[in-house]
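The values are calculated or read from the model by the stated rules, or taken from the named source; none is laboratory data. Fair warning: this is a prediction, and the values are worked out from it, not measured in the lab. Neighbour counts are summed over all protein chains in view; Cβ atoms, including those assigned to glycine, are modelled from backbone coordinates with ideal geometry.
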Amino acid sequence: MAVKRASLIGWHAWPMTVVGIVSPGFMGSGLGSALRAGGVRVVTTVAGRSARSRRLAGQAGLEVLASLADVVAASDVVLSVIPPGQAVATARSIAEAAHESGAAPVVADLNAISPTTMAAVARILNDLPVVDGSISGPPPTVTPGARMYLSGDRAGEVAGLPWRDQIEPIVVGGEVGTASALKMCTASVYKGLTALVTQAMRTAGHYGVLDRVLADLGKEGLDASASVPRSATKAHRFVDEMREIAATQAGAGLTPALFEAFAEVYANVARTDLAHGDPETSAALEPSETVSRLRIT
């Protein structure tokens, strides 16, 4: 399938566009911050959200409205950026809000979900224009340049938002599900590798060979130990993502067992001391400290 990189020429055609962010977590607030820098009005709600989400929304300068219904009613484009396990329920809430207000925003689901789950989201949002999307890379507030893959008939409209150099939008086709499939494949490598390194470190710590294991991996460019602490703070949401990857691979006629096992790995990591914290404030740790804090508390 041909991949088309979206041109940002003409982004100034969107000066009055309102973009709604659901919800303003680490990635959502980062996307909102990038769009605000491009001159877009960005709205969100923190109703029912954590104190952390409130803090992130404030730091990003997002305009906070009272409810999701208000966000949907005000927006030309709604970006759904939530944990994968909440994607379907969030789609229902957006659909209900749109029905009540009579609004018809373009809804871009940017969540880490399987093509099958994305199809369910599209069915729920049947009365609204839907864009399938996925993000590969960290929030632009951490490192600019994450790839945003988009598919569906209205994908070009989301790609044409003023992302500037903060996000690289890439339209990958007109079929809903394509962008999600791509994400499931890339995430299987990135997060699968992190899970492997995490398990190797924990095992090596038990047998007293941690330094030698990391030295050997480093010679092959595979020492990803520095990424383990931050990934641990997101382990609870990676559980559902691993299950979505397993379902995607099963849909391709492959065994789901590998990523069902990775779901168990991340579920176990989520119960450790290292999982307590936020990705935006996680600190670099020595490998021995990482292993120590990966013990079940």
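Would you say Leu196 is modelled with pLDDT of 95 or more, touching a helix residue (DSSP H, G or I) at 6+ places or on another chain (Cβ under 9 Å) and part of a loop (DSSP other than H, G, I, E, B)?
no
If you check Ala98 against the conditions, is it buried (at least 21 other Cβ atoms within 10 Å of the Cβ) and among the aliphatic types (A, V, I, L, M)?
Yes.
Pull up the range 218-247, narrow it to residues that are assigned to a helix (DSSP H, G or I) and of a type in the set (Lys, Arg), then point me to the one that is farthest from Ala267 (Cα to Cα).
Step by step, filter the range 218-247, then rank; the result is Lys219.
What about Thr141, is it in the same structural domain as Val42 (by TED's automatic domain parsing), touching a Gly at 6+ places or on another chain (Cβ under 6 Å) and β-branched (Val, Ile, Thr)?
yes
Limited to the range 9-23, what total is found for residues that are under 25 Å from Arg230 (Cβ atoms) and modelled with pLDDT under 95?
Count: 1.
Is one or more of the residues making up the range 268-282 buried (at least 21 other Cβ atoms within 10 Å of the Cβ), among the β-branched types (Val, Ile, Thr) and not assigned by TED's automatic domain parsing to the domain that holds Thr141?
Yes - at least one qualifying residue is present in the range 268-282.
The rows are residues; the columns are (1) of a type in the set (Asp, Glu); (2) within 18 Å of the chain's Cα centre (by Cα).
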position	(1), (2)
Thr233	no, yes
Asp240	yes, yes
Ala246	no, yes
Gly251	no, no
Asn268	no, no
Asp278	yes, yes
Ser282	no, yes
Val291	no, no
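From Arg237, Arg230, which residue is touching a Ser or Thr at 6+ places or on another chain (Cβ under 7 Å) and under 23 Å from Pro139 (Cα atoms)?
Unique residue meeting the criteria: Arg230.
So which helices (runs of 4 or more DSSP H) stay within the range 64-168 end to end and still have 1 or more residues that are modelled with pLDDT of 95 or more and of a type in the set (Lys, Arg)?
Qualifying helices (runs of 4 or more DSSP H): 87-101, 115-124.
Here are some residues: Gly61, Gly32. Which one is in the same structural domain as Ala108 (by TED's automatic domain parsing) and on the phi > 0 side of the Ramachandran plot?
Just a single option satisfies the conditions, and that option is Gly61.
Going through the range 41-58 one residue at a time, which ones are assigned to a loop (DSSP other than H, G, I, E, B) and under 18 Å from Asp278 (Cβ atoms)?
Within the range 41-58, Val46, Arg49, Ser50 meet the criteria.
Test Ala250 against the stated conditions and say whether it is crowded, with 20+ Cβ neighbours inside 10 Å, modelled with pLDDT of 95 or more and not in a loop (DSSP other than H, G, I, E, B).
no
Out of all the residues in the range 121-136, is one or more under 23 Å from Val239 (Cβ atoms), surrounded by fewer than 24 Cβ atoms within 10 Å (Cβ to Cβ) and either out of contact with any helix residue (DSSP H, G or I) (no Cβ under 8 Å at 6 or more places or on another chain) or among the charged types (D, E, K, R) (or both)?
No, that holds for no residue.
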